[in-house]
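Data block below; observations after.
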Amino acid sequence: MFGQQQRASPTASKPAAPPIEENAALAPALLKNAVERLEAVIDQETAALTMRRAVDLNDFNDRKSHGFVELSRAMRHFEGAALDQSLVLCLTGLRTKLETNRAVLKMHLEAVKEVSTVVADAMRHADSDGTYAPTLRKPAGYD
């Protein structure tokens with residue numbers, strides 16, 4: 001008894017799962033919350049890219065991936081069931097924000113590609129003095 005700790009049974013620490021009816025009642029709120037959190041991340045990324053601030057794209061990617069996992073879990077409650085109009089509007093708004101985010105990301109990546117091409121070309125030209133350029137002509141008689 002001295003020096004021994006009482007251990008709780010593994011099932012005692014877990015609360016009982018709510019009944020199926022309660023899960024069904026919570027499902028719309030879970031979905032709306034997941035959409036709102038995902039929209040917040042998308043809005044932050046879109047705003048940062050639009051304002052041309054330094055952006056940690058890996059962090060945003062991780063956060064969006066987490067949001068999509070959460071969204072897909074919330075959608076499982078609706079498999080085979082029709083969504084009410086408020087949820088359809090909520091998901092339509094998310095789609096609109098995703099399209100805007102995609103367009104801004106595309107523009108950002110195109111700009112990065114253009115800048116990297118300019119830098120690579122400048123480095124190539126700076127490293128070469130023209131001695132070994134592929135456009136050298138062969139001397140007469142060496143055809």
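Tabulated results
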| quantity | calculated |
| --- | --- |
| Among (1) free of Cβ contacts under 8 Å to residues at least 24 places away in the same chain; (2) in contact with a Lys or Arg (Cβ under 7 Å, 6 or more places away or on another chain); (3) not β-branched (V, I, T) - the single one C90 does not satisfy | (1) |
| Failed item in (1) out of contact with any helix residue (DSSP H, G or I) (no Cβ under 9 Å at 6 or more places or on another chain); (2) modelled with pLDDT of 95 or more; (3) among the β-branched types (V, I, T), with T46 passing the rest | (1) |
| Close pairs from segment 54-68: first at negative phi, partner not aliphatic (A, V, I, L, M), Cβ under 6 Å, at least 6 apart | F60/E45; G67/R37 |
| Whichever residue in segment 16-43 is among the small types (G, A, S) and modelled with pLDDT under 65 and, among such residues, is nearest to the chain's Cα centre (by Cα) | A17 |
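Table: residues versus (1) of a type in the set (A, V, I, L, M, F, W, C); (2) at pLDDT 95 or above; (3) closer than 25 Å to K32 by Cβ.
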{"site": "H77", "(1), (2), (3)": "no, no, yes"}
{"site": "K106", "(1), (2), (3)": "no, yes, no"}
{"site": "A120", "(1), (2), (3)": "yes, no, no"}
{"site": "H125", "(1), (2), (3)": "no, no, no"}
{"site": "G130", "(1), (2), (3)": "no, no, no"}
{"site": "L136", "(1), (2), (3)": "yes, no, no"}
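The values are calculated or read from the model by the stated rules, or taken from the named source; none is laboratory data. These numbers come from a predicted model, not from an experiment. Heads up, the Cβs are rebuilt from the backbone with ideal geometry, glycines too, and the neighbour counts pull from every protein chain shown.
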